[in-house]
Amino acid sequence: MLDSSRVFDRLRQHLGEQLRPLLVPDLPLRFGMTPIAESAALLGDQIEASFGADQAVDLCGFSMGGVIARTWIQLRGGHRRTRRFISVASPHHGTLTANPWPRRLMAGIADLKQGSALLRQLNGDLSSLNAIDCCSFYSGIDLVVIPGWRAVLPVGEQRMLPVWTHPQLLRDRLSIEPLAAELMRP
């Protein structure tokens with residue numbers, strides 16, 4: 001929500017040139033005012049502009065970006081070309097920190113409320129995720145996705161990382177190494 005593509009700098013640095021081509025998009029989230037579905041459409045446009053209409057892709061999404069990627073996969077046809085989806089601290093089951101925000105002011109954050117219409121739609125039909133290799137990384141003591149276990153996909157492998165805070169999930173060596181290993185897995 002408040003991050004740019006720079007949030008992935010340490011992970012990209014750790015990967016070096018091993019993982020190419022690589023798209024790390026900047027989506028205009030406007031501090032959570034942009035609805036998730038609108039951001040998912042923009043993500044799809046950037047993927048198509050970078051890789052064409054048919055090339056298979058692996059996606060890695062952090063925090064709100066993981067829900068945006070999942071929305072593109074499940075609701076905008078991205079499942080047809082997604083091979084793997086790695087989610088990092090993404091509130092797939094909502095987060096208590098989103099609950100106070102009204103939709104009319106912060107539509108993107110409101111989409112992350114527990115029981116939001118978007119999350120009910122995504123969690124109500126998992127068929128498009130079943131053919132995708134999915135993995136969720138999360139922190140048990142995340143101070144953004146509360147409680148931390150709500151940051152896992154309802155399908156695929158789930159791994160708790162030994163870090164204390166949301167930002168550490170993409171900054172700390174204890175997170176970067178397992179994330180990079182998962183991204184490099186054939």
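Read-outs: derived from the displayed coordinates by stated rules, not from any lab. Predicted model, so just to flag it, every value in this text is computed and none were measured. Cβ: placed from backbone, ideal geometry, glycine included. Neighbour counts: every protein chain shown.
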Within the range 25-130, trypsin sites (Lys or Arg not before Pro) in DSSP loop having at most 11 other beta-carbon neighbours inside 10 Å: Arg104
Percent RCO, i.e. relative contact order, over the range 73-173, from Cα pairs under 8 Å lying at least 6 residues apart: 32 percent
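Pairs of alpha-carbon atoms within less than 8 angstrom and 6+ residues apart define the contacts here; what relative contact order does the chain have, in percent? Spell out each step's value before the answer.
Values: 342 pairs, mean separation 38.5, N = 186.
Relative contact order here is 21 percent.
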Per-residue Cβ contact counts at 10 Å, fewest first, order Phe62, Phe51 as Phe51, Phe62
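Before rounding to the nearest 500, sum -39500 (n - 2.57) across all DSSP H runs of length at least 4 in the chain and divide by the residue total; then give [θ] at 222 nm in deg cm²/dmol.
After summing the helix terms and dividing by residue count, I get -9500 deg cm²/dmol.
Using a/c under 1.5 as the rounded threshold, could you call the range 36-186 rounded, prolate or oblate? The axes a ≥ b ≥ c are square roots of the C-alpha gyration tensor eigenvalues, and prolate needs a/b larger than b/c, oblate otherwise. Before the final figure, lay out each step's value.
On the way: a/c = 1.65, a/b = 1.07, b/c = 1.54.
Because a/c hits 1.5 or more and a/b fails to exceed b/c, the range 36-186 counts as oblate.
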By the C-alpha gyration tensor axes a ≥ b ≥ c (rounded if a/c is under 1.5, else prolate when a/b exceeds b/c, else oblate), the shape of the range 99-152 is oblate
Quick one: which residues, 5 or more positions from Ile146 or on another chain, have an amide H under 5 Å from its amide H? H modelled 1.01 Å from N in the peptide plane, none for Pro or chain starts. Leu96, Thr97
